[in-house]
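Q: Can you keep this structure in mind? I'll have questions shortly.
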Amino acid sequence: MSEQWKHADLASLIGKLAWIIGVICGVIQLIIGIAYGSFTLLGTLYIVPINIFWAIGGVIIIIISLLIIKPQFSDKCANKEWDALYDWALDLGGTKIWWMLIWIVVFIIFGWGYSAGPIIIVFLLLFLAGPENTKWDKNKK
C-alpha cells in the first residue's frame, strides 16, 4: 500500500500514548468504582450495582489497553507501521471498519467518560493526523 501519512510524527506520538492513557483511564475508573462503592456501602449498608460495573469496567479497559491496544495499535504507531494499522480492519462486504473504532465502542460501553482520552486519540489519528485518503471502501483504488 505504501500510503504516506501527512503528519507521521504527530500520529506516531499520539498513537504511542493511546495504551498508556487507556490504562490510566481504567485505573481511575477502578479506583472511583471501589472508593465510591466502599463509601456507599458504609453509608447505606448496601451495594450499588453501578459501582461494581465501574470497577469491572476499569479492569476491562486496563486489560484491553495492555493486551490489544498496545501490541496491535500503539506499538505499530511507534514503529510507524502505517500499512499494518490501515490493514487492521474488519471487512464487511465493500466497507472496512477499523478495529480501532470497534475497540473504542468497547471503551465507551465499559469506560463512559473515563475513556475520553483514547477516544480522542483514535479520532485524531483517523480523521486529522491520519492518511489523506483513507479509502473506507476497499473497492476504491
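The values are calculated or read from the model by the stated rules, or taken from the named source; none is laboratory data. Just so it is clear, the model here is predicted, and its values are computed rather than measured. A quick note on method: Cβ atoms are made from the backbone with ideal geometry, for glycine too, and the neighbour counts reach across all protein chains shown. Keep in mind that these areas ignore ligands, DNA and RNA; they rest on the heavy atoms of the full protein, side chains included. Shrake-Rupley method; radii C 1.70, N 1.55, O 1.52, S 1.80 Å.
Q: Mind checking which residues of segment 50-68 are modelled with pLDDT of 90 or more and open to solvent by 10 Å² or more (accessible area, probe 1.4 Å)?
A: Ile56, Val59, Ile60, Ile62, Ile63, Ile64, Leu66, Leu67, Ile68 - these are the residues of segment 50-68 that are modelled with pLDDT of 90 or more and open to solvent by 10 Å² or more (accessible area, probe 1.4 Å).
Q: Would you be able to say whether some residue in segment 47-63 is of a type in the set (A, V, I, L, M, F, W, C), farther than 23 Å from Trp103 by Cβ and not in a helix (DSSP H, G or I)?
A: The answer is yes, given that some residue of segment 47-63 is of a type in the set (A, V, I, L, M, F, W, C), farther than 23 Å from Trp103 by Cβ and not in a helix (DSSP H, G or I).
Q: Does Ile31 fit the bill of being surrounded by 15 or more Cβ atoms within 10 Å (Cβ to Cβ), of a type in the set (Val, Ile, Thr) and either touching a Cys at 6+ places or on another chain (Cβ under 7 Å) or at pLDDT 85 or above (or both)?
A: no
Q: Could you identify the single residue in Lys76, Lys96 that is touching a residue at least 40 places away in the same chain (Cβ under 8 Å), in a strand (DSSP E or B) and open to solvent by less than 70 Å² (accessible area, probe 1.4 Å)?
A: Only one candidate qualifies: Lys96.
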